[in-house]
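Worksheet: one structure, shown below.
The values are calculated or read from the model by the stated rules, or taken from the named source; none is laboratory data. Being a predicted model, the structure only gives us computed values, none of them experimental. With ideal geometry, Cβ positions are generated from the backbone for all residues, glycine too; neighbour counts draw on all protein chains shown.
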Amino acid sequence: MRGQAPPGEATIMRKHKSDIVILFATLGLMALGLIVIYAIGPMRANVLNSTYGTDYAGNYFFIGQLRSVAISLVAFFLAFKVIPYKYVQKFAKPLIIIAILMSVALYVLALSGSSLAKCELGECRWFNLGIVSFQPAEFLKLALVIYLADFLTRKREENAIGKWKEFWLPLILVCGASLGLVVVAQGDLGTGVALISIIFCMLLIAGVPAKQYWIMLVIVIAVAIGSVVTSAHRMERINAWVDTITGAESSDQTYHIENSMLAIGTGGLTGVGIGNSVQATGYLPESINDSVFAIMGETFGFIGLFLVLSVFGVLLLRILKVASHTVATDERLVTVGIFGWTLAQVVVNIMAMTGLVPVTGITLPLLSYGGTSMVFLAYALGLVLQFSCYTSREEVKNVDISSRGRIRGSHYSSRRRNS
């Protein structure tokens, strides 16, 4: 038996076909990312070789992205087909403890000057493992989703949602530690935004009293603003953004956002074509990472960006559909957390590249270069695809599931029930 059923009635959620739209959207975005990295990877290698004296081969970044996609596909299908979520759920607490300890270890290594901590632009966010690097903040996102789903489900069953000692205190400790390690210790405000999105999306459907929810949201926003105004680096980005939107004179601080918008504008309607990007030759910083959306705008034009945005939009809507038709509370919470995670990264990255918000370091899901981010998000989307095989025909409203009078069968499975 899968999921929760109303008292006195047993409901069997038989397995049916998965949401093929989520499958093809995920695979399509990965494939597009490979095409983009294949086109601009040699340019990125040339820039680094000429600037820093490195010796990257022309296909170095494409090979790296190909390896990341291969590992991500394995993670995706493990979550989808091989490892049942109920097994993963048993390790919710160990996962979040390990994720937090890894972030603490990275901070300690960075303070000690160890070569095991990889630092760029003054921020240490990766473990240097020789031939590969690992970003613990990406693992922390997945661990937090799984932990919060388990925690919130248990507190619903205990009728402890909203109680200070049983609910808010442990929640604040775990979430506060996660955010502090990412935003303060690693200086990663972009990932902090993603974590906040995960937390509050999951709290929204967990049954938290509205007054408490809004109070906590205001407090978190105030703390986030404080972390910005007390950081000289972040205030520089704010000032650069203000200068850009007000038409002030160009400066080193406005360089990134101006070249990002120039790349998108240069693309026009249909783009300059694959391999013809000018900004990727060294003008636009982080062309294969945070700025890949702007490079795609230059390469594929407005039509290309519209299609990319459409795929992301469809993917997000299908994730929401799975959440709204998932009977089990914990699985619905996981799905909503993954929705918040994906939405935050898509929205913040695109808004930053189009000048709607200050530039912040956050990757575009499944498209940007980098393995850790792609692998863990691919695993998360694999979980959503697993849940989509056990959805109900009827939408599950945002109320206590135990109060529902009846859960109908799935679109694909039989409507037969136990008597």
Any residue that is under 20 Å from the mean Cα position of the chain (by Cα) and touching a residue at least 60 places away in the same chain (Cβ under 8 Å) - is there at least one of those in segment 101-122?
yes
Which pairs have Cβ atoms under 7 Å, sit 6 or more apart or on different chains, and link a residue in segment 16-45 that is acidic (D, E) to one that is surrounded by 22 or more Cβ atoms within 10 Å (Cβ to Cβ)?
D19/V322; D19/L385; D19/S388
Looking at segment 371-382, can you tell me whether even one residue there is within 26 Å of V88 (Cα to Cα), at pLDDT below 90 and of a type outside the set (V, I, T)?
yes
Looking at G247, G267 in this structure, which one is in contact with an Asp or Glu (Cβ under 7 Å, 6 or more places away or on another chain) and of a type in the set (G, A, S)?
G267
Read through the list (1) under 21 Å from the mean Cα position of the chain (by Cα); (2) closer than 22 Å to S368 by Cα; (3) among the aromatic types (F, W, Y), then give the number of the only condition that F61 fails.
(1)
For segment 257-306, give me each residue that is under 20 Å from the mean Cα position of the chain (by Cα) and farther than 17 Å from L48 by Cβ.
F293, A294, M296, L305
Near pairs, Cβ below 6 angstrom, 6+ apart or cross-chain, from segment 159-182 (free of Cβ contacts under 8 Å to residues at least 40 places away in the same chain and among the charged types (D, E, K, R)) to any residue that is surrounded by fewer than 19 Cβ atoms within 10 Å (Cβ to Cβ) and in a loop (DSSP other than H, G, I, E, B):
E166/A160
Contacts under 9 angstrom Cβ, first residue in segment 306-317 being within 13 Å of G28 (Cα to Cα) and touching a residue at least 12 places away in the same chain (Cβ under 8 Å), partner buried (at least 17 other Cβ atoms within 10 Å of the Cβ) and polar (S, T, N, Q), 6 or more apart:
F312/T342; L315/T26; L315/T342
Going through segment 245-287 in order, the residues found to be among the hydrophobic types (A, V, I, L, M, F, W, C) and without any contact (Cβ under 8 Å) to a residue 40 or more places away in the chain are A248, L262, A263, L269, V272, V278, L284
Tell me which residues, restricted to segment 67-77, are surrounded by fewer than 14 Cβ atoms within 10 Å (Cβ to Cβ) and in contact (Cβ under 8 Å) with a residue 12 or more places away in the chain.
R67
For segment 349-366, which positions are farther than 12 Å from E138 by Cα, touching a Gly at 6+ places or on another chain (Cβ under 7 Å) and either buried (at least 24 other Cβ atoms within 10 Å of the Cβ) or without any contact (Cβ under 8 Å) to a residue 12 or more places away in the chain (or both)?
L366
For the condition modelled with pLDDT under 90 and not in a loop (DSSP other than H, G, I, E, B), what is the one hit in S388, S402, S419, S410?
S402
Looking only at segment 265-287, which residues are part of a helix (DSSP H, G or I) and over 23 Å from Q65 (Cα atoms)?
G265, T266, G267
So the helices (runs of 4 or more DSSP H) completely within segment 145-251 holding 2 or more residues that are at pLDDT 90 or above and out of contact with any strand residue (DSSP E or B) (no Cβ under 7 Å at 6 or more places or on another chain) are 169-179, 189-204, 210-229
Among (1) in a helix (DSSP H, G or I); (2) crowded, with 24+ Cβ neighbours inside 10 Å; (3) not hydroxyl-bearing (S, T, Y), D290 falls short only on (1)
Kindly indicate whether L315 is surrounded by fewer than 17 Cβ atoms within 10 Å (Cβ to Cβ), in a helix (DSSP H, G or I), modelled with pLDDT of 95 or more and not hydroxyl-bearing (S, T, Y).
no
All positions within segment 201-213 that are within 23 Å of the chain's Cα centre (by Cα) and surrounded by fewer than 16 Cβ atoms within 10 Å (Cβ to Cβ):
L204
Options G265, G301; residue that is touching a Ser or Thr at 6+ places or on another chain (Cβ under 7 Å), of a type outside the set (D, E), surrounded by fewer than 23 Cβ atoms within 10 Å (Cβ to Cβ) and farther than 30 Å from F200 by Cβ
G301
